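Worksheet: one structure, shown below.
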Amino acid sequence: DTAVSQTPKYLVTQMGNDKSIKCEQNLGHDTMYWYKQDSKKFLKIMFSYNNKELIINETVPNRFSPKSPDKAHLNLHINSLELGDSAVYFCASSQEDGTQYFGPGTRLLVL
Amino acid sequence: SQKIEQNSEALNIQEGKTATLTCNYTNYSPAYLQWYRQDPGRGPVFLLLIRENEKEKRKERLKVTFDTTLKQSLFHITASQPADSATYLCAPHSGGYQKVTFGTGTKLQVIP
């Protein structure tokens, strides 16, 4: 009965590869997000979807492409991975007041 | 540009004392201010939300204040316990579908 789940939990890959991270929420929230937390632990928003529509798109390289097949799912595809993409990626969903419910995170290491 | 600062990267406090964490923001007029707790290797967990028209909010041993004139929120943990050791993040928010911007976090260590 996990509220926000992400797969995979760990992802180790070579530079130049393409990878995807999946996220699902069973809270019935309309809004979902992707955040990146770097080695300095700074949590920064990347994208936000409301009811499958992109509403926030921060300054993120276009190698990153989110996709929301329905309001309970938000996936993140990353093309041509670079060393600097190594970080923890968190998915979250929220109520109307913006209260965020986070997933467990995906630890991405690009070698 | 919006700036959110939390008083210190790390705060050490003796068990049983009150921990006070500070969140200051500039170039911003949030309608809400949220506080989260993050443990190592885990996602942040929501603790409390305070609205701009509320001066203070309490939940068990936690208390949050919100001063829109000073552009500051204080987060207090009374009778602190070693289990309270974690990183605490503040997040001002304008409401609705506006993005939530997180502060840099304060790592609290409660020493037995």
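The values are calculated or read from the model by the stated rules, or taken from the named source; none is laboratory data. Keep in mind it's a predicted model, so treat the numbers as computed, not measured. We place every Cβ from the backbone using ideal geometry, glycine too, and count neighbours over all the protein chains shown. Quick note on the areas: whole protein, heavy atoms, side chains included, nothing else; ligands and nucleic acids left out. Shrake-Rupley method; radii C 1.70, N 1.55, O 1.52, S 1.80 Å.
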- Any hit, segment B:47-57, residues being free of Cβ contacts under 8 Å to residues at least 12 places away in the same chain, in contact with a Ser or Thr (Cβ under 6 Å, 6 or more places away or on another chain) and more than 13 Å from B:Thr20 (Cα to Cα): yes
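Being of a type in the set (Phe, Trp, Tyr) and exposed (fewer than 13 other Cβ atoms within 10 Å of the Cβ) is the requirement here; does A:Tyr10 meet it?
yes
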- If you go through segment B:1-35, how many residues are among the charged types (D, E, K, R) and not in a loop (DSSP other than H, G, I, E, B)? 2
- Sole miss for A:Val88 among (1) closer than 15 Å to B:Val45 by Cα; (2) open to solvent by 10 Å² or more (accessible area, probe 1.4 Å) is condition (1)
- Sort out for me the strands (runs of 3 or more DSSP E) sitting completely within segment B:36-112 that have 1 or more residues that are away from every other protein chain (no Cβ under 13 Å). B:56-59, B:62-67, B:72-77, B:106-111
- Filter segment B:16-56 for residues that are more than 19 Å from B:Tyr97 (Cβ to Cβ), of a type in the set (D, E, K, R) and surrounded by 13 or more Cβ atoms within 10 Å (Cβ to Cβ) and give the result. B:Lys17, B:Arg37, B:Arg42, B:Glu54
- Filtering strands (runs of 3 or more DSSP E) wholly in segment A:22-111 for at least 1 residues that are at the interface with chain B (Cβ under 8 Å from one of its Cβ atoms), farther than 29 Å from B:Ala10 by Cα and of a type in the set (Gly, Ala, Ser) gives A:43-50
